[in-house]
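*Asks:* There's a structure below that I have some questions on.
Rule-based calculations on the coordinates, nothing more; no lab input. Given the structure is predicted, the values throughout are model-derived calculations rather than measurements. When we count neighbours, we look across all protein chains shown, and the Cβ atoms used for this are built from the backbone with ideal geometry, even at glycine.
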Amino acid sequence: MLRFFSAGESHGPALTVLLDGVPAGLALVASEHIDPWLRRRQGGYGRGRRMVIESDCAQILAGVRAGRTTGAPISLQIENRDWRNWSEIMSPLPGGEPRKRALTEARPGHADLTGGIKYGHKDLRDVLERASARETASRVAAGAIALRLLETVGVQACARVVALGGIPCDGGMDWERLSDLDESPLRTFDRDAEAAIIARIDEAKRSGDTLGGVVEARFRGLPVGLGSHTQWDRKLDGRLAGAVMSIQAIKAVEIGDGWAAAGAPGSQVHDPIGYRSAAEHPGEAGYYRQSNRAGGLEAGMTTGEELVVRAAMKPIATLMKPLPTVDVLTHEAADAARERSDTTAVPAASIVVLAMSALILADALMEKFGADTVREITERVAAHRDFASTF
């Protein structure tokens, strides 16, 4: 129901976003609901000079009128300010070849070589411009709209870093401190670990290296039963994993305890079920899990507990002290190309993982409760919550 497409290159004039299937009646103002998430994606200690040049904001071109969605496809544009320095190099007009800044030394760990072979490009810039993580600004813009829809039915969301450069920084989840994440240069609640991680980032920058880490997207207030157990492609954990794994540099995804559950006995993995009566617990009646090791998903469906998605991001492939490679024109040994890059983008990755997860959850929400108007969805979600509390 909810379909997201994007177009644009890292140094092209703009990124274009098309989000189809957003219901009518959603209050949406770019400066209030989209741009703050774009700013969060640009933040974080260890980012490079590109974040100084760009100051991302979304321009709504279609699908919104008078501050509310119409039900038509939403079109957004995010300007690339750096385009002015690349207009000749990236021009779509014929001629001028070989272009300046041609890239022929493929970077290990990047799309350069495989994409060049696949599409027949000897100037690997034709690959890297689209493969660049600059594209994630499109995902965050679309995901911000999905987050807005989830918010209307009472769902809260959180994006944070739980490890960076091999140093854990998971101080535990605290929904009352969400604003602290925006103030943290690493998007973590664990202030005690910040100094050690920042020192590790500084060390990597001095040595021309890069760092990866682990990020978490978390949602609370989701209705019970989003997704389905009936077909493989309707299972919500599979849909979430696919969306998150599609993000540049993400190499692993887990739901809840994930990998740790594989090494524990079943008695320490599965979540006991309890029930609260309306008489004893007004406003909180219904089934609940006494723990949340499953991360809010069982058999491909939401349980009503907090949904916890964690993703491992590898270090960025562009190194200032490059690894050995081969020039695709001469076939001679060479050092990998160096593009302007970050030492780490793990804090930013947490925002992208949240955005992609939100897109999947918003789609599942409309799949279950309807997709025409926000009013219908909110009414049906409220009725479903009443039903679940007395089932």
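*Asks:* Would you mind estimating how fast region 186-275 diffuses translationally, via Stokes-Einstein at 10 °C and 1.306 mPa s with the Kirkwood radius over Cα pairs, in µm²/s?
*Replies:* Using the Kirkwood radius from Cα pairs, D works out to 94 µm²/s.
*Asks:* Given VAL215, ASN292, SER277, which one lies farthest toward the positive end of the charge dipole of region 184-322, if we put +1 on the Cβ of every Lys and Arg and -1 on the Cβ of every Asp and Glu?
*Replies:* VAL215
*Asks:* Using +1 at the Cβ of each Lys and Arg and -1 at the Cβ of each Asp and Glu in the chain, identify which of GLN248, LEU181, ALA146 lies farthest towards the dipole's positive end.
*Replies:* The one lying farthest along the dipole's positive direction is GLN248.
*Asks:* Something else about it: In a shell of Cβ-Cβ distance under 12 Å around GLU298, excluding GLU298 itself, what net charge do Lys and Arg (+1) and Asp and Glu (-1) give? Intermediate values should be presented prior to the final figure.
*Replies:* Values: positive: LYS235, ARG289, ARG293; negative: ASP237, ASP271, GLU305.
It works out to a net charge of 0.
*Asks:* Among residues other than TYR275 whose Cβ falls under 13 Å from its Cβ, what is the net charge (Lys/Arg +1, Asp/Glu -1)? Kindly include the intermediate steps, with their values, before the conclusion.
*Replies:* Values: positive: ARG276, ARG289; negative: GLU280, GLU284.
Residues near TYR275 contribute 0 overall.
*Asks:* Dividing the Cα convex hull volume of region 94-141 by residue count, how many Å³ per residue is that?
*Replies:* Looking at region 94-141, the number lands at 102 Å³ per residue.
*Asks:* Okay, moving on. Per 0.36 nm of contour for each residue apart, how much would the distance between ASP170 and MET1 grow if the chain were fully extended, relative to their Cα-Cα spacing?
*Replies:* Difference between extended and current length: 57.3 nm.
*Asks:* Moving to a separate point now. Give me the one-decimal Kirkwood hydrodynamic radius in Å for region 73-112, with the sum taken over alpha-carbon pairs.
*Replies:* That comes to 13.1 Å for region 73-112.
*Asks:* Residue separation times 0.36 nm, minus the C-alpha to C-alpha distance between THR114 and GLU280: what's the value? Walk me through the intermediate numbers first.
*Replies:* Values: separation 166, 0.36 × 166 = 59.76 nm, distance 6.12 nm.
Stretched fully, the THR114-GLU280 segment lengthens by 53.6 nm.
*Asks:* Using the Cβ atoms and a cut-off under 14 Å, what net charge is assigned to the surroundings of GLU379, where Lys and Arg are +1 and Asp and Glu are -1?
*Replies:* With Lys, Arg at +1 and Asp, Glu at -1, the neighbours total +1.
*Asks:* Go ahead and estimate [θ] at 222 nm for the chain from helices alone: -39,500 (n - 2.57) per DSSP H run with n ≥ 4, summed, over the residue count, rounded to 500.
*Replies:* Values: 10 runs with 117 residues, N = 391.
Mean residue ellipticity at 222 nm (helix-derived): -9000 deg cm²/dmol.
*Asks:* Could you compute the FRET efficiency for ALA299 and ASP327, with r as their C-beta to C-beta distance and R0 at 56 Å, rounded to 0.05?
*Replies:* 0.65
*Asks:* Oh, and also: List the DSSP H helices in the chain whose Cα atoms stretch 20 Å or more along the helix axis and whose mean Kyte-Doolittle hydropathy is at least 0.5.
*Replies:* Membrane-span-like by this rule: 136-152, 346-369.
*Asks:* Could you tell me how many cubic angstrom of Cα convex hull volume region 20-150 has per residue?
*Replies:* Working: hull volume 20.4 nm³, N = 131.
Hull volume over Cα atoms, normalised by residue count, gives 156 Å³.
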